[in-house]
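The values are calculated or read from the model by the stated rules, or taken from the named source; none is laboratory data. Not measured: the values here are computed from a predicted model. Cβ coordinates were reconstructed from backbone atoms using ideal geometry, including for glycine residues, and neighbour counts include every protein chain displayed. Areas reflect the complete protein model, heavy atoms only, side chains present, ligands, DNA and RNA absent. Shrake-Rupley method; radii C 1.70, N 1.55, O 1.52, S 1.80 Å.
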Amino acid sequence: MDKLTELVTSEKIPVGRTAKAIFDWLNANAAPLFNAISRLLESLINGILAMLEFPHPLVFILVVVALTWFLQRNWKVCLLVGLGFLFILNQGYWDPTMQSLTLVLSACVVCMVVGVPIGIAAAHRPRLYAWMRPVLDLMQTLPTFVYLIPAIVFFGIGMVPGLIATVIFVLPAPIRLTYLGIKSTPAALVDAATAFGATPRQLLWKVELPSAMPQIMAGLNQTIMLSLSMVVIAALVGASGLGVPVVRALNSVNTALGFESGFIIVVVAIMLDRMLRVGKHRD
């Protein structure tokens with residue numbers, strides 16, 4: 001047994017060296033591509049942040065409460081959202097909250113724009129989804145700190161690497177739920193549309209997407225929740241927001257600051273979940 005163990009451990013499979021070689025090659029040969037991606041994502045982040053910070057906080061709260069009423073038609077949810085934002089303003093975390101919401105919204109834009117078309121393609125091509133499944137599993141199970149290393153190598157320090165790491169972690173959710181929604185389209189609807197001469201494009205836009213919309217919206221909800229769970233990790237690579245005081249509290253063992261900033265993250269998560277919850281509206 002000892003000889004067998006020695007045989008197995010004598011030659012180490014170069015996983016780490018291979019990954020390093022790949023990253024070094026990409027960093028040396030694909031720098032223009034990464035710079036273009038970085039500029040594009042910086043423009044997206046700056047635009048969303050400017051939009052969120054432009055109105056007065058009280059005006060912003062009124063707009064969000066009105067949006068919540070439009071989405072949920074429930075005065076209790078509107079009251080919860082309004083009180084939640086007033087609590088954030090009272091605690092002095094308005095700017096970090098806007099910065100975290102910028103990261104969340106940016107991740108949502110990227111993940112939905114990329115994830116929904118991939119989910120649709122996977123639903124129409126079973127072989128593609130069979131190939132993608134282990135990749136999606138790897139993206140969600142690989143420790144998120146591992147994503148930060150290539151993100152820093154390729155994009156430096158700041159909001160962009162935090163956004164990249166967030167997108168890698170979150171992207172499987174909209175892909176899987178979009179795939180599930182399209183695959184769950186009732187066969188009777190598809191057969192009826194096909195019998196009436198619907199083209200593949202008409203079948204997608206008028207039958208499959210409307211039928212899959214609850215799952216796609218659930219994917220959006222999961223994208224927002226998972227993105228919000230990454231704000232602390234993104235702060236480790238220089239992303240601003242609510243993760244910064246949490247990291248500062250951890251480094252200084254400041255219980256008050258840690259609990260305060262952590263509770264604000266919980267409040268934001270509850271508000272976003274209630275605003276975007278898919279289901280029947282109740283007055």
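Result for the chain in a Gaussian network model with C-alpha springs under 10 Å: among Ala269, Ala122, Ala193, the largest mean-square fluctuation is at Ala193. Entry note, segment 116-192: relative contact order of 46 percent, from Cα contacts under 8 Å with a spacing of 6+ residues. Here the peptides 124-136, 25-37, 140-152 are ranked by packing, the mean other Cβ count within 10 Å, and the order with the highest first is 140-152, 124-136, 25-37.
Over the chain, Cα pairs under 8 Å with separation of 6+ residues give a relative contact order of 24 percent. Taking only alpha carbon atoms, the chain gives an Rg to Rh ratio of 1.04, where Rh is the Kirkwood radius. With a simple spin-label model that places each label point 7 Å from the Cα along the Cα-to-Cβ direction, the separation between Arg127 and Asn27 comes to 3.8 nm. When the Gaussian network model of the chain links Cα atoms closer than 10 Å, the mean-square fluctuations of Val15, Val114, Val77 top out at Val15. Between the beta carbons of Asn46 and Val247, assuming R0 = 25 Å, the FRET efficiency works out to 0.65 to the nearest 0.05. Ordering of 165-172, 210-217, 57-64 by packing is 165-172, 210-217, 57-64, highest average first (other Cβ atoms within 10 Å, averaged per residue).
Adding -39500 (n - 2.57) for every DSSP H run of four residues or longer, then dividing by how many residues the chain holds, sets the calculated 222 nm ellipticity at -26500 deg cm²/dmol.
Within the accessible surface of segment 42-175, defined with a 1.4 Å probe on protein heavy atoms only, the carbon and sulfur portion equals 74 percent.
Each Cα pair under 8 Å and six or more residues apart adds its sequence gap; the mean of these over the residue count of segment 53-97 is a relative contact order of 38 percent. Only the Cβ atoms of Lys and Arg (+1) and of Asp and Glu (-1) were treated as charged; on that basis the dipole of the chain about its Cα centre amounts to roughly 660 debye.
For the chain, the solvent-accessible area of protein heavy atoms averages 57 Å² per residue (probe radius 1.4 Å; ligands and nucleic acids excluded).
Fully extending the segment from Ile149 to Leu203 would add 15.2 nm, taking 0.36 nm per residue of separation and subtracting the current Cα-Cα distance.
Annotation: for a label point projected 7 angstrom from Cα along Cα→Cβ of Asp191, residues of segment 197-221 with backbone N closer than 19 Å are 197-200, 203-204, 207-208, 211. Karplus-derived 3J(HN,Hα) values for segment 44-54, using 6.51 cos²θ - 1.76 cosθ + 1.60 with θ = phi - 60°, are 4, 5, 5, x, 5, 5, 5, 5, 6, 8, 5 Hz; glycine and proline are entered as x.
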